[in-house]
């Protein structure tokens, strides 16, 4: 299943929305690599990119929320920290047990579902803050 960014997921901050779109592309690229049976190295490379990009995105998004006095800023930071802990856990599982179809599905579902739910429930709270900052 592909995860798609739609305008309903817009935060009102162009930089954040562009980063979200890239995260969707990367989650879908990871699923494609796993589905095509690409080697562990290819999957690890995608996961490395995704982990680094997520860190950059989280820092940027947290900065925007702080600057715009978004009431969801603390909740957002907490959710990001929880995501990173779970991502590290799954990555360690991949590193120790290797790529399996079960793990591939678990990772794809976790990443995609988390991304959609997080944007809808927390990140979209940026919309009124961004509108007020214009």
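The values are calculated or read from the model by the stated rules, or taken from the named source; none is laboratory data. All of these numbers come straight from a predicted model, not from anything done at the bench. We place every Cβ from the backbone using ideal geometry, glycine too, and count neighbours over all the protein chains shown.
A few remarks follow.
- Comparison of 86, 77 shows that the only residue that is at pLDDT below 95 and in contact with a helix residue (DSSP H, G or I) (Cβ under 8 Å, 6 or more places away or on another chain) is 86.
- Checklist (1) under 12 Å from the mean Cα position of the chain (by Cα); (2) part of a helix (DSSP H, G or I); (3) under 24 Å from residue 125 (Cβ atoms) applied to residue 5, failing item: (2)
- For region 91-109, the set of residues classified as surrounded by fewer than 16 Cβ atoms within 10 Å (Cβ to Cβ) and on the phi < 0 side of the Ramachandran plot consists of 92, 93, 95, 96, 97, 100, 101, 102, 105, 106, 109, listed by residue number.
- Test: residue in region 32-53 that is in a helix (DSSP H, G or I) and at pLDDT 90 or above: yes
- The set of residues in region 64-76 being surrounded by 13 or more Cβ atoms within 10 Å (Cβ to Cβ) and in a helix (DSSP H, G or I) consists of 64, 65, 66, 73, 75, 76.
- Filter pass, residue 103 being in a helix (DSSP H, G or I) and either in contact (Cβ under 8 Å) with a residue 60 or more places away in the chain or over 20 Å from residue 11 (Cβ atoms) (or both): yes
- Among residues of region 42-59 that are farther than 18 Å from residue 89 by Cβ, those with a beta-carbon under 7 Å from a residue that is at pLDDT 90 or above and assigned to a helix (DSSP H, G or I) at least six positions away or on a different chain give the pairs 53/22; 53/23; 57/19; 57/23.
- Residue ID - surrounded by the most Cβ atoms within 10 Å (Cβ to Cβ), chosen from residues in region 9-27 that are in a helix (DSSP H, G or I) and touching a residue at least 40 places away in the same chain (Cβ under 8 Å): 27
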